[in-house]
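The values are calculated or read from the model by the stated rules, or taken from the named source; none is laboratory data. Since the model is a prediction, treat every value here as computed from it, not as a measurement. Here the Cβ positions follow ideal geometry from the backbone for every residue, glycine too, while neighbour counts run over all protein chains shown.
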Amino acid sequence: MEFILFGAGDIGIRAYKVLGKNHVSYFADNKKYGTEIYGKKVLSFEEMVQRAEKYQILITSDKYVDVLEEQLQNAGVNNYLIFNRRYNNEMKKVLPQYNYLYNTKYMDYTDILLNYKIHKYRRIGIYGINEYIGSLLLELAIQSVLDNVVAIIDPDIQEGFVHGIPVMGLNDVRSCIDCLLVNKKRVESGIREEAENEDFVMIDMYDIDKFVFYNRHPELEQFRSIHKGERAFILGNGPSLAVSDLETLKKNHEICFGLNKIHKIYGLTEWRPDYICMSDARVINACENELDEITAESVVFMADRFFYSDKVRFRSDNVQYVHLKSESFYPNLPGFSGDITESVYWGGSVAYDLTLQIAAYMGFEEIYLLGMDHYNVGSVVDPRNHFSSDYFSDEEKAIYEGVAADFDSMNLAYQKAETYSRKHGFRIYNATRGGRLEAFERVDFDGLFQKNMGGV
């Protein structure tokens, strides 16, 4: 892609240095035409218009950008882009970003497009018209693939042009594009579900955590399909959780997942879970001094942000860290991870955040929930909400008194898990005695063991 820089002042020179001499063929200016800058001829406006079909015009001005835009439009030139001070001083605000360990990581368009090998695609659609579109188009031009962009799609705008590129509906282009660049943040769009089964590749410009190396946990590959075709029980910590049920699980050698402070029941039973999952900061902080007891007989899966925490540093051979992707919650979320080595998705509860996604990765064919009462009396730390009246310490009760569980998020997440399980060949059942969780088909816990008992 070769550029004509329209504006031969300081911004034009800055753009020249950014783009490099091999990408800039000419400058153009309403006053300085006929001169040269860095060996490049400065064209008059008329000379630039004559070359508009062969070159990409880039407005390089701060003060006069509106005037230059109007001048081009009046001349019938719409395939221009803009480079101004914002590109240098404020670009960080519009770059794809990802919050990790309470720090914001940015990735510029150059890197993200290169990482996704944008040059592979010959017919590109862009989804989303927003304040960032110009910067994205500019980078595509710099990488010499702007000519491959055939359409811009936006649900709120169905016609017209953006910088010379036609605006169309998804239905108009879905059969003729091989790549769709999603230029809207997840909270702004439902395109990921709408285009889930399309033939084209969908690239999320904001999914940059894929390129943050320390988010990956290849060591978790050891758990892939290790329980293929088996069944598992996920034990919630609700008041319906009974010691007698745990003894039944132990007697029948069932594979079990415990959640958060399940160790609070250890004094009443010899049963122990095979796996424990923790994602709640308050729980993990409170359990730091009990790590040895918790990990003695169980593998513990924990959100990896706690590995790097200044307050909590669990180091044990039996602790496995998983990257928990926390995103703004809205109807198209959460995702359900098919590969826990990359990440799992937040869904409002540890049962969803880690456990269900890990269990699916392990290959379980049937997953049963027990003790998942799914209701709150008072706040989350009210003793009536758990199997133990001392589940939370006095300090925790003081901190979290009045905090309510986010049942809307949890219900939505469980519905997503149910849909995912049916689609991917495993089932999730609710064996809880009572409670309010209705996202999954209910089964009678005792009935699951009748055959076994009959054979004794």
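Answer yes or no as to whether Asn130 is modelled with pLDDT under 90, in contact with a strand residue (DSSP E or B) (Cβ under 9 Å, 6 or more places away or on another chain) and assigned to a loop (DSSP other than H, G, I, E, B).
yes
If you scan the range 201-238, which residues turn out to be part of a loop (DSSP other than H, G, I, E, B) and farther than 30 Å from Asp178 by Cα?
Result: His217, Arg224, Ser225, Ile226, His227, Lys228, Gly229, Glu230, Gly236, Asn237, Gly238.
Go over the candidates Asp199, Asp172, Asp204, Asp178 one by one and state the one that is touching a residue at least 40 places away in the same chain (Cβ under 8 Å) and not assigned by TED's automatic domain parsing to the domain that holds Glu70. Can you show your working first?
Numbers: Asp199 fails: touching a residue at least 40 places away in the same chain (Cβ under 8 Å); Asp172 fails: touching a residue at least 40 places away in the same chain (Cβ under 8 Å); Asp204 fails: touching a residue at least 40 places away in the same chain (Cβ under 8 Å).
Of Asp199, Asp172, Asp204, Asp178, the one residue that is touching a residue at least 40 places away in the same chain (Cβ under 8 Å) and not assigned by TED's automatic domain parsing to the domain that holds Glu70 is Asp178.
Condition (residue is without any contact (Cβ under 8 Å) to a residue 40 or more places away in the chain and in the same structural domain as Asp304 (by TED's automatic domain parsing)) applied to the range 216-229: is it met by at least one residue?
yes
Here's the yes/no breakdown for (1) within 26 Å of the chain's Cα centre (by Cα); (2) modelled with pLDDT of 75 or more; (3) assigned to a loop (DSSP other than H, G, I, E, B):
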site	(1), (2), (3)
His253	no, yes, yes
Gly267	no, yes, no
Ile276	yes, yes, no
Phe301	yes, yes, no
Asp339	yes, yes, yes
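Name every residue in the range 55-75 that is without any contact (Cβ under 8 Å) to a residue 12 or more places away in the chain and of a type outside the set (Val, Ile, Thr), in order of residue number.
Here is the first cut: in the range 55-75, the residues without any contact (Cβ under 8 Å) to a residue 12 or more places away in the chain are 63, 66-67, 70, 73-74.
Matches in the range 55-75: Lys63, Asp66, Glu70, Gln73, Asn74.
For the range 221-245, give me the residue count where each residue is more than 36 Å from the chain's Cα centre (by Cα) and not β-branched (Val, Ile, Thr). Steps first, answer last, please.
First, pick out the residues of the range 221-245 that are more than 36 Å from the chain's Cα centre (by Cα): 242-245.
Add one more test, that the residue is not β-branched (Val, Ile, Thr), and what stays is 242, 244-245.
Of the residues in the range 221-245, 3 are more than 36 Å from the chain's Cα centre (by Cα) and not β-branched (Val, Ile, Thr).
Can you go through Thr248, Thr269 and tell me which one is without any contact (Cβ under 8 Å) to a residue 60 or more places away in the chain and at negative phi? Before the answer, list the steps.
Numbers: Thr248 fails: without any contact (Cβ under 8 Å) to a residue 60 or more places away in the chain.
Criteria check complete, one pass: Thr269.
Looking at the range 148-168, can you tell me whether even one residue there is touching an Asp or Glu at 6+ places or on another chain (Cβ under 8 Å), part of a loop (DSSP other than H, G, I, E, B) and not charged (D, E, K, R)?
No; the residues of the range 148-168 include none that is touching an Asp or Glu at 6+ places or on another chain (Cβ under 8 Å), part of a loop (DSSP other than H, G, I, E, B) and not charged (D, E, K, R).
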